[in-house]
Amino acid sequence: MGEKLVIVPRRNTPGKKLLNFAWFGLALLFMLVSFLMPIFFLVALIFAAVWYFQAFQSDIEYEYTYFDGEFRFAKIKAKRKRKNLGQVEMEDVIAIAPKGDRSVYKYETDKNMTCRKLTSGEPDAKIYELIYKGDKGFCRYEFEPDEEMLDAVIVKYPRMVIK
């Protein structure tokens, strides 16, 4: 059995889209004004740099990897910087179920439980919850696996996954 990998890009929020438009508009405005007064050229370059970093360097993707009884979660920023967010052994997993399922309801309502949301933010995305017993108690990951990844987990751990 091979490694199963899912990469999910995080959706741009309306606020981020508005900021991109505002930074670009300010850069363009000050570039036009710099033809009349050259001192504003420096301000235009600053706004253009802020727009560039806001628009192109802040994209985030989440990576889920399942291989031989182990889940690994990572965050990829701007398609270059990778940060490991955690790994979970399947021996520690209590359940993997769709969000809102009755089997994990008591874990969803527990305010003391650590929860990491690693989802795209799309309204129609199928979100699953992975509940496991960690060093500091129960923890929960919200993520978006595909059917192939869930089928790979079911092969070895059929009682832990609820579809």
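The values are calculated or read from the model by the stated rules, or taken from the named source; none is laboratory data. Predicted, not measured: the structure shown is a model, and the values here were computed from it. Cβ: placed from backbone, ideal geometry, glycine included. Neighbour counts: every protein chain shown.
Some points to look at:
- Each residue in the stretch 4-16 was checked for being over 13 Å from Gly121 (Cβ atoms) and out of contact with any helix residue (DSSP H, G or I) (no Cβ under 9 Å at 6 or more places or on another chain), and 1 of them qualify.
- Residues being among the aromatic types (Phe, Trp, Tyr) and in contact (Cβ under 8 Å) with a residue 24 or more places away in the chain - total across the stretch 46-60: 2
- Residue within the stretch 130-137 that is modelled with pLDDT of 90 or more and closer than 29 Å to Asn12 by Cβ present: yes
- All told, Leu36 meets the bar of being out of contact with any strand residue (DSSP E or B) (no Cβ under 7 Å at 6 or more places or on another chain), exposed (fewer than 15 other Cβ atoms within 10 Å of the Cβ) and either in contact (Cβ under 8 Å) with a residue 60 or more places away in the chain or assigned to a loop (DSSP other than H, G, I, E, B) (or both).
- Some residue of the stretch 138-155 being in contact with a strand residue (DSSP E or B) (Cβ under 7 Å, 6 or more places away or on another chain), without any contact (Cβ under 8 Å) to a residue 40 or more places away in the chain and more than 23 Å from Glu61 (Cα to Cα): yes
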